Amino acid sequence: MSKTIKPETVAAANGIASDNNFGAVTPPIYLSSTFAFAGFERGGPHEYTRTSNPTRDMLAQTLARLEGGAGAVIVSSGMAAVDLVLAQVGRDELIVAPHDCYGGTQRLLASRHERGHFKLIFIDQSDPAALASALKQSPRLVLLETPSNPLMRIVDIKAIAAQAKAAGAQTAVDNTFLSPALQRPIELGADYVIHSTTKYLNGHSDVVGGAVIAASQADADALAHWANVTGTIGATFDSYLTLRGLRTLFPRIERQQANAQAVANFLAQHPHVSVVHYPGLLSHPGHALAKAQQTGFGAMLSFELAGGVDAVRIFVEAVKVFTLAESLGGVESLIAHPATMTHASMTPQARRAAGITDGLLRLSVGLEAESDLIEGLQAGFAALPSAHG
């Protein structure tokens, strides 16, 4: 395939009709844990699946092409993907992380820091003074999450990556919320792109996995080496399912974000809602920046329900169509309460500092009919007392 082929075609067709044995159109799945040597000291391209596997490698190659990277490594979960990047940082080196990142990421960072694996500071990366102060400390890595989970805050990847590079640091961007269909951080100067492939890349809520894409071949090789050393590689069958899901990434996200925009517009006008966090709204403080560095606003949003946790309890029990569950990015719509679910591992003080209130609800908008999604939310609102009661 041409190197200039469009990403939509890469997602749909990379590896198609490449089987040299039987001419299979869909790349076959190789479940074997080990591969035969041609003879003494004559190993082939694959020897043992922990190190490499044709199915997993096909997924890695496809993701690297989609993100514009030199190589990718597929691991067992999104948290394993974050950890793989963190493992490139030494014990006396500093990581600058966002104060409002995903709760699991914050827990991992704090846990490894407490064990002396690296130095760590959390900052508001949208604050130029805080960022400049952090970069003066000569960090090894700047970790970004944009849009942030769950408040959908946007930070300038290009500007921060350039400042980090000038300070001698590398930049890693968690691109899970948008995927390469809507944002390509390497083109904006990032050194690493992190994904929970569980989410939009697989898209069907039946796989747990992760991936890291590196801009340079040297970094890609280092990641692959460490994944092999630690054995955190992704399973072959999960890689097959993720590649299968990836084929429909672009049309899925196009429909999902159209639904999300409609849901955000509806929520923004509802009296029970005090604020909607969705970059596709003109009222969102990161709207212009999101429009500049993304090709769409995605299908994730959150909103503040007036009435706090008592209203949340009533609402999530009454809402229709949206399923109360963690995770995101599947074809089905989900609703989550970050304070007691996805970000429960954060201390109350950390949640307050990040702006995660007890009244915040997060939506992952799926492929259902727009009218059914709106009616499903209306069922939740109908169960609440009056907006000012």
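The values are calculated or read from the model by the stated rules, or taken from the named source; none is laboratory data. Here the structure is a predicted model, which is why all the values come from computation and not from measurement. Cβ placement follows ideal geometry from the backbone for every residue including glycine, while neighbour counts extend to all protein chains displayed.
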Over segment 276-314, the set of residues buried (at least 19 other Cβ atoms within 10 Å of the Cβ), of a type outside the set (Gly, Ala, Ser) and farther than 25 Å from residue 255 by Cβ is 304, 305, 312
Hey, any hits in segment 206-219 for a residue that's surrounded by fewer than 23 Cβ atoms within 10 Å (Cβ to Cβ), part of a loop (DSSP other than H, G, I, E, B), out of contact with any Leu (no Cβ under 6 Å at 6 or more places or on another chain) and at positive phi?
-> no
State which residue pairs qualify: first residue touching a residue at least 60 places away in the same chain (Cβ under 8 Å) and within 18 Å of residue 261 (Cβ to Cβ) and inside segment 360-389, second residue among the basic types (Lys, Arg) and not in a strand (DSSP E or B) in any location, beta carbons under 6 Å apart, and separation of 6 or more residues or different chains.
-> 367/255
Determine if segment 137-159 includes at least one residue that is farther than 30 Å from residue 264 by Cα, of a type in the set (A, V, I, L, M), modelled with pLDDT of 95 or more and part of a helix (DSSP H, G or I).
-> no
Do we find that residue 9 is surrounded by fewer than 19 Cβ atoms within 10 Å (Cβ to Cβ), of a type in the set (Val, Ile, Thr) and not in a loop (DSSP other than H, G, I, E, B) in this structure?
-> yes
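Which of the following residues is more than 17 Å from residue 61 (Cβ to Cβ), assigned to a helix (DSSP H, G or I) and at pLDDT 95 or above: 162, 190? Even if it seems obvious, please write down each step before you answer.
Numbers: 190 fails: assigned to a helix (DSSP H, G or I).
Only one candidate passes the filter, namely 162.
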When residues of segment 87-131 are limited to those that are free of Cβ contacts under 8 Å to residues at least 24 places away in the same chain and more than 25 Å from residue 339 (Cβ to Cβ), the one surrounded by the most Cβ atoms within 10 Å (Cβ to Cβ) | 128
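For segment 42-49, does any single residue satisfy the condition of being more than 24 Å from the chain's Cα centre (by Cα), touching a residue at least 60 places away in the same chain (Cβ under 8 Å) and not in a helix (DSSP H, G or I)?
So in segment 42-49, the residues more than 24 Å from the chain's Cα centre (by Cα) come out as 42-49.
Among the residues that remain, those that are also touching a residue at least 60 places away in the same chain (Cβ under 8 Å) are: 49.
Within this subset, residues satisfying the condition of being not in a helix (DSSP H, G or I) are 49.
Yes: segment 42-49 contains one or more residues that are more than 24 Å from the chain's Cα centre (by Cα), touching a residue at least 60 places away in the same chain (Cβ under 8 Å) and not in a helix (DSSP H, G or I).
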Quick one: which strands (runs of 3 or more DSSP E) lie wholly within segment 60-130 and hold at least 1 residues that are aromatic (Phe, Trp, Tyr)?
-> 119-123
Options 137, 183, 170, 163; residue that is of a type in the set (S, T, N, Q) and within 27 Å of residue 329 (Cα to Cα) | 183
Which residue pairs have Cβ atoms under 6 Å apart, sit 6 or more places apart or on different chains, and have a first residue in segment 261-276 that is touching a residue at least 60 places away in the same chain (Cβ under 8 Å) and within 16 Å of residue 383 (Cα to Cα) and a second that is of a type in the set (Val, Ile, Thr) and surrounded by 15 or more Cβ atoms within 10 Å (Cβ to Cβ)?
-> 267/273; 267/276
